[in-house]
Amino acid sequence: MKQRYVGQKVQRVDAVNKVVGRACYVADISLPRMLHAKVVRAGIPHGKILQIDTIEAEKMPGMKKIVTGKGCEMLFGTCLWDQPPIAVDKVRHAGEAVAVVLADTVNQAEAAAKAVKVQYEKLPFVLDPVEAAAPGAPVIHEKNGSYRRVEYSVHPIPGTNVFHHYKLRKGNSSVARAESDVIDVIVEEEFEFPLSNHVALEPHGAICRFGLDGEIEIWASNQAPFVLRDVLADMFKVPASRVRVHIPYLGGGFGGKSDVSIEPMVAYAASFVPGYAVKLVLTRKEVFTSSLLGRGMKGKMRIGAKKDGTFTFLEAEMYFADGAYGDTSWPVDTVAGHNCTGPYEFGNVTVDVYGVYTNSPPVGAYRGYGHPEGQFMSGRLIDMLAKRLGMPTGEIMRKNFLSEGRQNALGQVIKKSHGNLAACLDAVEKAIDETPLPENDDRYLYGKGVAAMMKSPKMAANAASCCTMQVNADGCVFVNLAGIEMGQGVQTVFTQMVAEVLQIPMEKIKVYTDVDTQFSPWEWQTVASMQTYRGGRAIQDAALRIIELAKDTAAKVWNCEPGMVLYREGELIHPNTEGKLTLGVLARGYMSFNGLTVGSPLIATGWYRVPGLTDPDPETGMGNAAGSWTFGCQACTLRVDRQTGEVKILHFASAFDVGKVVNPVTARGQVAGGVVQGLGAALMEKIVFKEDGTIKNVNFPAYKIPRLKDAPKKQTIVLLETPNDEGPWSAKPMAEHPIVAVAAVVLNALYDATGVEFTALPVTQDKILEALRKKEEAL
Amino acid sequence: MRILNFSVNGVPRTVHLEEGRVMLSDVLRDYLGLTGTKIGCGVGQCGACTVIMDKKAVTSCTVPAEKAEGKSVFTIEGLADGGKLNPIQEAFVEAGAVQCGFCTPGLVMRLFALFSENPEADDETIEEELNKHLCRCTGYETILEAARLSRSKMIARAKPS
């Protein structure tokens, strides 16, 4: 059936408020009796706290309270409880909070914070994950292995800095490797995907208030309000119902706000001044030093193939510089492992991923969640393999793509409805080949590259979305979910979906704006590109229940069977009499002329959970651990300036099989933006440390992200729609996906242009110049 | 106590500044409640805090409050005249150039300054101005489209009908 709202280019429901500056973000909120917080940061990457002297700071004007970790016994977490809200006896990274100063104004808090003196005994530090995992490395957590944890999923190696070891064992790769014929090909290489920052334009913020009645209330820039609620309840040992979390608009998230980060510290500080609200908004520098980072992978991978290009095995080892605490990164490590094959079938897979404590900010979710790191390696190696075999990269890709009946590394069998990789590849090859590349000349080198991707949403096996829906007496509908609007357009697609099921105009539908755990229905969290997919199914469920309720009431009015009542465009229809009752008339039950009322008010709750998920088996790493996949291919052409090393992306083409495009404008926006963010990772972005273990590039432009002029000259975006039974109207996750293959695509194209195999990101202008120079010298 | 007298969105304002470093962006947001101006970096690199001061686009996070003395400042709140969107705001809505919205007010103000001075600014000039801003969501294609659409709307509005 043709849809009227789903699939249409409707205007975003939040656009007007955002263009007039009325949309409210956490920094825009002020509360009565509000104190401002400034944080004293460690400034050294590893050390014992000997003494914190607050005497001078206490005397500063406007000062209200200085909170330190002295005596704090709390550890917070969701699956691995290894982090105190504020440093207690030692600091584990240079951006860690040592004291929080609360004062009447930000300036006063800042002045007082500068007057706090901390003495440390410096300890040796380690930043590199491979070094940190080696014997003899400085021990960052003496208690590694004995922290409370979910034992089925988190696998520490006590006595080391490895707090999580994920292993994947499918088939037997060493046998496959040993059985390789001399004519078979094995490629292997080492790779690096450095620590990076999400750089959501809005810095993290939180405002927390402890009531004198013991209620905890927090406003935060966070993608996971119910997780935050439960973490705070666990920290302060209060029932979750006594914690209320408010989430306003988010100015971008990209995963950097999906994990609990600064909120426990703000709440801990606020607990010392009950009755006051405590506000902290990070500076951009603090976002780099003291929120969460992403990526940070060093790895090696080996792929074997027969002479005809058929893959025989894959072996990989990855070390993640996961920073000072591990709760937010261990699942990223697991996912990086079980998806590092890319969308290809390998009969034999051995993967070991190590989540390693390092003296850097903790790593958390970052758009793509482990997939860009792992598939960077396979995407590049497959290109190298193709060159070795003298075959076009696309031919090898096609030969090994996951497709109906094939099995992925987790052992899951692919169905046709999971998506059409070959068609994605056709689409990007066609787009790129439409404009032939110029010949290399004295000034420029030209190249093209291609890679494929897959992404599964990583989620708790019990993750679900819930939706409440309420019809009002005028027939308009209020819809409530707890998906966070952070730019992706969730409020808009939800509105479209409600309109579609209830067959009423979008103007009659109001979706929630703020999320508030006191009123919002439970939602696991807004991550993994799951809102359209999972929230959409919850909406369908709720809307169908509303229709059922309305049919029940209409049947009572007409004294007939509910099953014979028809529903069409906001009206209940008697099939024989053509009698009609509107949703509005039935909204509060049906009231007859004398007031007698029958039937239920039209309010319903719907929900959806991806069925049948399990956590990966601790021994094999396999199992039904991925709820779904979205497949795609990307390709680009680029130009390298021989003199400057500058790379210009001429044309970037993306094709994803998204099942169904709910809103062509917002869907395209996700791809166009994701590609450019991926180009940042490929060519510009890296957290750089100074000799002393502090971060060097803590603001723009030292940390460079793409500007308008860095964007591709042209983007082609093709969205395929393979029908499936999973998503609402077939719509599947697609928001993180555009970033996953970008680095491999660009580096494959750089090889084509320069003949240099780059394997470490980012490939900056300087690196290209140096490589070109070396190449010339070698000639 | 320092006193700042200036005009904001056409209204004369007097603000008593606290001790220490106070920027124009702080005055607008914290003293006057004009929170439509966003702070993304604090060093004038991202453009989210862009406002118009004496007809020029400035990054308000790098303008010390004192420098606004006697000046005329326009913010995003002053742009939608009489409750109606300005053509640039309309263009951002229509072009789908808004995602998280945090960079949007600054971009709108930058273009307002540009088109007020040069209603027919060419593409190169537009790109030069937009390149002063950071957006992490859109990949810039819809922002560029919105800027071009703004130009045609501004021109159409300037012409007598």
| said: Taking the criterion of being within 14 Å of chain B (Cβ to nearest Cβ) and either under 30 Å from residue A:146 (Cα atoms) or touching a residue at least 40 places away in the same chain (Cβ under 8 Å) (or both), would at least one residue in the range A:63-83 satisfy it? | reply: yes
| request: Quick one: count up the residues across the range B:1-39 that are farther than 25 Å from residue A:20 by Cα and either charged (D, E, K, R) or under 19 Å from the mean Cα position of the chain (by Cα) (or both). | output: 4
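Would the range A:393-400 turn up any residue that is in a helix (DSSP H, G or I), among the hydroxyl-bearing types (Ser, Thr, Tyr) and at pLDDT 95 or above?
Of the residues in the range A:393-400, the ones in a helix (DSSP H, G or I) are A:393-400.
Right, trim to among the hydroxyl-bearing types (Ser, Thr, Tyr) and you get A:393.
Subset that is at pLDDT 95 or above: A:393.
Yes - at least one qualifying residue is present in the range A:393-400.
Give the residues of the range A:6-36 that are among the basic types (Lys, Arg) and on the phi < 0 side of the Ramachandran plot, sorted by residue number. Can you show your working first?
Within the range A:6-36, the first condition is being among the basic types (Lys, Arg), and the residues that meet it are A:9, A:12, A:18, A:22, A:33.
Within the range A:6-36, A:9, A:12, A:18, A:22 qualify.
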| request: Would you mind stating whether residue A:241 is among the polar types (S, T, N, Q) and under 23 Å from residue A:459 (Cα atoms)? | output: no
| query | Is the range B:81-97 home to any residue that is more than 29 Å from residue A:735 (Cα to Cα) and touching a strand residue (DSSP E or B) at 6+ places or on another chain (Cβ under 7 Å)? | reply | no
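Scan B:58, B:43, B:51 and give me the residue that is more than 13 Å from chain A (Cβ to nearest Cβ) and of a type outside the set (Gly, Ala, Ser). Break it down into steps so the answer makes sense when it comes.
Values: B:43 fails: more than 13 Å from chain A (Cβ to nearest Cβ); B:51 fails: more than 13 Å from chain A (Cβ to nearest Cβ).
Answer to the check: B:58.
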| task | Please find, within the range B:88-114, the residue that is nearest to the other protein chains (Cβ to nearest Cβ) out of those that are surrounded by fewer than 24 Cβ atoms within 10 Å (Cβ to Cβ) and out of contact with any Ser or Thr (no Cβ under 6 Å at 6 or more places or on another chain). | result | B:93
| note | Flagged pairs (Cβ under 9 angstrom, 6 or more apart or on separate chains; first in the range A:539-558, under 12 Å from residue A:498 (Cβ atoms) and touching a residue at least 40 places away in the same chain (Cβ under 8 Å); second of a type in the set (Phe, Trp, Tyr) and assigned to a helix (DSSP H, G or I)) are A:539/A:494; A:540/A:729
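For residue A:539, are the conditions met, namely being within 20 Å of the chain's Cα centre (by Cα) and either modelled with pLDDT of 95 or more or farther than 21 Å from residue A:18 by Cβ (or both)?
Numbers: within 20 Å of the chain's Cα centre (by Cα): no; either modelled with pLDDT of 95 or more or farther than 21 Å from residue A:18 by Cβ (or both): yes.
So residue A:539 fails the test.
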| query | Which of the following residues is in a loop (DSSP other than H, G, I, E, B) and either more than 14 Å from chain B (Cβ to nearest Cβ) or in contact with a strand residue (DSSP E or B) (Cβ under 8 Å, 6 or more places away or on another chain) (or both): A:187, A:199, A:231, A:154? | reply | A:154
| message | All but one of (1) within 14 Å of chain A (Cβ to nearest Cβ); (2) assigned to a helix (DSSP H, G or I); (3) without any contact (Cβ under 8 Å) to a residue 60 or more places away in the chain; (4) not acidic (Asp, Glu) hold for residue B:151; state the number of the condition that does not hold. | response | (1)
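In the range A:4-18, which residue that is over 22 Å from residue A:222 (Cα atoms) and at the interface with chain B (Cβ under 7 Å from one of its Cβ atoms) is surrounded by the fewest Cβ atoms within 10 Å (Cβ to Cβ)?
A:11
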| All positions within the range B:115-134 that are within 7 Å of chain A (Cβ to nearest Cβ) and of a type in the set (A, V, I, L, M, F, W, C) | B:130, B:134
| query | Quick one: would you say residue B:29 is surrounded by 18 or more Cβ atoms within 10 Å (Cβ to Cβ) and within 11 Å of chain A (Cβ to nearest Cβ)? | reply | yes
| task | Confirm whether residue A:166 is of a type in the set (Ser, Thr, Tyr) and buried (at least 21 other Cβ atoms within 10 Å of the Cβ). | result | yes
| residue A:611 part of a loop (DSSP other than H, G, I, E, B) and closer than 30 Å to residue A:733 by Cβ | yes
| field | Residue match in the range A:641-650 (condition: surrounded by fewer than 19 Cβ atoms within 10 Å (Cβ to Cβ), in contact (Cβ under 8 Å) with a residue 12 or more places away in the chain, out of contact with any Cys (no Cβ under 7 Å at 6 or more places or on another chain) and farther than 30 Å from residue A:448 by Cβ) | value | no
| query | Is there a residue being under 19 Å from residue B:149 (Cβ atoms), assigned to a loop (DSSP other than H, G, I, E, B) and within 7 Å of chain A (Cβ to nearest Cβ) anywhere in the range B:64-82? | reply | yes
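Tell me which helices (runs of 4 or more DSSP H) are completely within the range A:240-345 and hold 3 or more residues being touching a residue at least 12 places away in the same chain (Cβ under 8 Å) and either hydroxyl-bearing (Ser, Thr, Tyr) or surrounded by fewer than 24 Cβ atoms within 10 Å (Cβ to Cβ) (or both), or say none if there are none. Let's see the steps before the verdict.
Numbers: elements: A:263-270, A:284-290, A:330-338.
Once the helices (runs of 4 or more DSSP H) in the range A:240-345 are filtered for at least 3 residues that are touching a residue at least 12 places away in the same chain (Cβ under 8 Å) and either hydroxyl-bearing (Ser, Thr, Tyr) or surrounded by fewer than 24 Cβ atoms within 10 Å (Cβ to Cβ) (or both), what remains is A:284-290.
The values are calculated or read from the model by the stated rules, or taken from the named source; none is laboratory data. Note that the structure is a prediction, hence the values are computed from the model and not measured. Every residue, glycine among them, receives a Cβ derived from its backbone with ideal geometry; neighbour counts consider all protein chains shown.
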